[in-house]
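K.L.:
The structure follows.
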Amino acid sequence: MNRTMPEWLKDAVFYEIYPQSYQDSNGDGIGDIPGMTSRLPYIKSLGCNAIWLNPLFDSPFKDAGYDVRDYKKVAPRYGTNEDLYHFFDEAHKLGMHVFLDLVPGHTSEEHPWFLESGKAARNEYSDRYIWTDFWLYGIPNHPYIGGECERNGVYMLNFFKCQPALNYGFAKIDYPWQQRPEDPDPMATREAMRDVCRFWLGHGCDGFRVDMADSLVKEDEGKKKTGEVWQDILGSLRKEFPQAAFVSEWSNPAQSLLGASFDMDFYLDHPGNGYNTLVRDYETKGGDHSYFAKDRGGDIERFLADYLPKYEKTAGEGYISFLTGNHDTPRISYHLDRRETALAYALFATLPGVPFLYYGDEIGMRYQSELPTKEGGYTRTGSRTPMQWSAGKNAGFSDGDEKDLYLPVDADYEKVNVAAEEADPGSLLHTVRDLLALRHGEKELQADGSFAVVYEKKEDPLFVYRRGGILLALNPSGEEKTLPAGTDGTPLYTIGTLTKQDGNLVLGPQSFAALRS
Ligand code: NOJ
């Protein structure tokens, strides 16, 4: 690392929890903080030593909590602020770190700042959001709303209709109502967000996942001004909290890690990008197929062509974060079967950077494509169903009435659940545990270790790469593959088979091997 990073990130593996759906402790059918606290030992047992909680702040929940009404108050349905402080404490006792979800680009339309901002009489909050100066004048290139407030103007949206954009200024000024990022109102917005971070960091939170981190300054080609805002916010927070860390929802590591000084940037699922070619399989829908899909003739080149330049440009300056999935995408199991998924996890567990596991992906929970939308989830709702703990009532998620559950439990829960997979040594759950144990046991496999391609070829599924003294080989195809001549070493971990034939190492069908070499 050229930059000083929080030490704990080097061996961090995150677990994302959608609080609504993890563990209900009071029988109301909605997951809560005491429920999550009771599951900390389980999360630790997987090998995840850090947690990202989706927003659990006071909200009208028109976008599942990404519409914040009070940044400093836990939503009553999840418990109290004290419950959350206790969660931090219990996680820390287990040597784990906790991220909250910061939504800096917009608030709920019910946030008191916005209600003040919409008033006709000028006040402290009038320009904390982006307004034009006449009710008929729109906002070029951006969605906006008119006719809802007494103020003479229209306001900009950042995402849904319920999410007015906070004002961090414009990089390019074309109209009198636009402000520069350094003007007093955008500076006050910036200060308010810094204050929110300070509040939670001061209560024991270890950092933030930052929602739409690239969305702050408008008309910001290349995101230079947005980067400067983050350098200012993160720079000052790091002085007070040197071990605090931040991951951006940006998916542009050059802009996020170099320009904005984030510690980590998510490699998001965008059509045709490197991540997408690894774990998605949209071929039937006229798109691409996954590298891990057996016998589909995939090669790793499409991934490397996108990933390598990003990695090389930013290595030493921050981490690219691979995700098994998240609350916005179909679960990985929608495209890959269990064996294919296990191989994908093997890659994620052995790449540089800091990996993230989405709750339920460790047991292969399904994406339920037919579920009606809930709290603004739309097609995302199918990835947000209750965690399947056991074959018992409501899959062990809740003691409440089935009709009160936040979302229905997937019908496969009697087969797919934590208890069943704990009891089966060949389960995906055990593979996840083994892979994370391998990573924790070998410094060279962790965030900072080097990464080099040893073998990749167009139309050849075999991929061999090196992390320091460890050689890794993947073969997602149904045919066995001979490793390049001269390859040798002591096996550390294998999925499938690794044999020696005529002096050469041969990787069996749908296999992965890690060798000290
Ligand atoms: C990205 C979040 O991941 C998503 O769930 C949310 O709807 C939007 N940002 C808006 O905040």
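The values are calculated or read from the model by the stated rules, or taken from the named source; none is laboratory data. Nothing here was measured: the structure is a model prediction, and the numbers come from that model. All Cβ positions, glycine included, derive from the backbone under ideal geometry; neighbour counts span all protein chains shown.
K.L.:
Does the range 76-91 contain at least one residue that is more than 16 Å from the ligand (Cβ to nearest atom), within 18 Å of the chain's Cα centre (by Cα) and buried (at least 16 other Cβ atoms within 10 Å of the Cβ)?
P.N.:
no
K.L.:
Among residues belonging to the range 312-330 that are away from the ligand (no atom under 16 Å from the Cβ) and surrounded by fewer than 22 Cβ atoms within 10 Å (Cβ to Cβ), point out the one that is nearest to A293 (Cα to Cα).
P.N.:
Ranking the qualifying residues of the range 312-330, first place goes to E312.
K.L.:
While we're on this one: Condition test on R194, is it within 30 Å of H86 (Cβ to Cβ), surrounded by 13 or more Cβ atoms within 10 Å (Cβ to Cβ) and modelled with pLDDT of 95 or more?
P.N.:
Spelling it out, R194 is indeed within 30 Å of H86 (Cβ to Cβ), surrounded by 13 or more Cβ atoms within 10 Å (Cβ to Cβ) and modelled with pLDDT of 95 or more.
K.L.:
Oh, and also: Please verify whether the range 6-17 includes one or more residues that are more than 24 Å from V432 (Cβ to Cβ) and in contact with a strand residue (DSSP E or B) (Cβ under 7 Å, 6 or more places away or on another chain).
P.N.:
Yes, the range 6-17 has at least one match.
K.L.:
Still on this structure, I have one more. Could you list all residues from the range 1-51 that are within 30 Å of G235 (Cα to Cα) and of a type in the set (A, V, I, L, M, F, W, C)?
P.N.:
Within the range 1-51, M1, M5, W8, L9, A12, V13, F14, I17, C48, A50, I51 meet the criteria.
K.L.:
Does the range 268-288 contain any residue that is touching a residue at least 60 places away in the same chain (Cβ under 8 Å), crowded, with 21+ Cβ neighbours inside 10 Å and in a loop (DSSP other than H, G, I, E, B)?
P.N.:
No: zero hits.
K.L.:
Next up: If only one of P60, P112 is without any contact (Cβ under 8 Å) to a residue 60 or more places away in the chain and either more than 13 Å from the ligand (Cβ to nearest atom) or more than 23 Å from the chain's Cα centre (by Cα) (or both), which one is it?
P.N.:
Result: P112 is the single residue among P60, P112 that is without any contact (Cβ under 8 Å) to a residue 60 or more places away in the chain and either more than 13 Å from the ligand (Cβ to nearest atom) or more than 23 Å from the chain's Cα centre (by Cα) (or both).
K.L.:
Another question about this same structure. Any idea which residue in the range 175-193 is nearest to the ligand (Cβ to nearest atom), counting only those that are closer than 15 Å to W131 by Cβ and charged (D, E, K, R)?
P.N.:
My answer is D185.
K.L.:
If I filter the range 363-370 for residues that are surrounded by fewer than 17 Cβ atoms within 10 Å (Cβ to Cβ) and not hydroxyl-bearing (S, T, Y), do I get at least one hit? Explain how you work it out, then say what you get.
P.N.:
Of the residues in the range 363-370, the ones surrounded by fewer than 17 Cβ atoms within 10 Å (Cβ to Cβ) are 369-370.
Next, only the ones that are not hydroxyl-bearing (S, T, Y) stay: 370.
Yes, the range 363-370 contains at least one residue that is surrounded by fewer than 17 Cβ atoms within 10 Å (Cβ to Cβ) and not hydroxyl-bearing (S, T, Y).
K.L.:
Hey, can you tell me all the residues within the range 124-137 that are part of a loop (DSSP other than H, G, I, E, B) and either in the same structural domain as G376 (by TED's automatic domain parsing) or not polar (S, T, N, Q) (or both)?
P.N.:
Initially, the range 124-137 is screened for residues part of a loop (DSSP other than H, G, I, E, B), giving 124-128, 130, 132-137.
Matches in the range 124-137: E124, Y125, D127, R128, I130, D133, F134, W135, L136, Y137.
K.L.:
Further question: Return the only residue of L102, L94, L166 being under 30 Å from P34 (Cβ atoms), touching a helix residue (DSSP H, G or I) at 6+ places or on another chain (Cβ under 9 Å) and within 16 Å of the ligand (Cβ to nearest atom).
P.N.:
Working: L94 fails: within 16 Å of the ligand (Cβ to nearest atom); L166 fails: under 30 Å from P34 (Cβ atoms).
Just one listed residue meets the conditions, L102.
K.L.:
Yes or no: T497 surrounded by fewer than 16 Cβ atoms within 10 Å (Cβ to Cβ), touching a Gly at 6+ places or on another chain (Cβ under 7 Å) and farther than 18 Å from E301 by Cβ?
P.N.:
In short, yes.
K.L.:
Another question about this same structure. Could you please let me know if F208 is over 24 Å from R122 (Cβ atoms), assigned to a loop (DSSP other than H, G, I, E, B) and either in the same structural domain as F87 (by TED's automatic domain parsing) or within 16 Å of the ligand (Cβ to nearest atom) (or both)?
P.N.:
Judged against the criteria, F208 is not a match.
K.L.:
In the set R280, R296, R339, which member is modelled with pLDDT of 95 or more and basic (K, R)?
P.N.:
Going through R280, R296, R339 in turn, the sole match is R339.
K.L.:
Taking the conditions exactly as written (more than 14 Å from the chain's Cα centre (by Cα) and in a loop (DSSP other than H, G, I, E, B)), does G316 satisfy them or not?
P.N.:
yes
Table: residues versus (1) within 23 Å of V196 (Cβ to Cβ); (2) in a loop (DSSP other than H, G, I, E, B).
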{"position": "F61", "(1), (2)": "yes, yes"}
{"position": "D67", "(1), (2)": "yes, yes"}
{"position": "Y71", "(1), (2)": "yes, no"}
{"position": "E82", "(1), (2)": "yes, no"}
{"position": "F87", "(1), (2)": "yes, no"}
{"position": "R122", "(1), (2)": "no, yes"}
{"position": "I139", "(1), (2)": "no, yes"}
{"position": "H142", "(1), (2)": "no, yes"}
{"position": "R151", "(1), (2)": "no, yes"}
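K.L.:
Of all residues in the range 331-351 being farther than 19 Å from F14 by Cα, part of a loop (DSSP other than H, G, I, E, B) and touching an Asp or Glu at 6+ places or on another chain (Cβ under 9 Å), which is farthest from the ligand (Cβ to nearest atom)?
P.N.:
Top of the filtered list is L336.
K.L.:
Then there is this: Filter the range 352-371 down to the residues that are touching a residue at least 24 places away in the same chain (Cβ under 8 Å) and acidic (D, E), then identify the one that is farthest from the ligand (Cβ to nearest atom).
P.N.:
Here the answer is E362.
K.L.:
Go through T497, T482 for me and flag whichever is among the hydroxyl-bearing types (S, T, Y), at pLDDT 95 or above and in contact with a Ser or Thr (Cβ under 7 Å, 6 or more places away or on another chain).
P.N.:
T497
K.L.:
Here are some conditions: (1) modelled with pLDDT of 95 or more; (2) more than 18 Å from Q388 (Cα to Cα). E459 meets all but one. Which one does it not meet?
P.N.:
(1)
K.L.:
If a residue has to be surrounded by fewer than 22 Cβ atoms within 10 Å (Cβ to Cβ) and more than 16 Å from the ligand (Cβ to nearest atom) to count, how many in the range 372-388 make the cut?
P.N.:
Residues flagged as surrounded by fewer than 22 Cβ atoms within 10 Å (Cβ to Cβ) and more than 16 Å from the ligand (Cβ to nearest atom) within the range 372-388 amount to 1.
K.L.:
How do the strands (runs of 3 or more DSSP E) wholly within the range 416-507 filter down when requiring 2 or more residues that are in contact (Cβ under 8 Å) with a residue 40 or more places away in the chain: which remain?
P.N.:
Of the strands (runs of 3 or more DSSP E) lying wholly inside the range 416-507, those with at least 2 residues that are in contact (Cβ under 8 Å) with a residue 40 or more places away in the chain span 452-457, 460-467, 470-475, 490-495.
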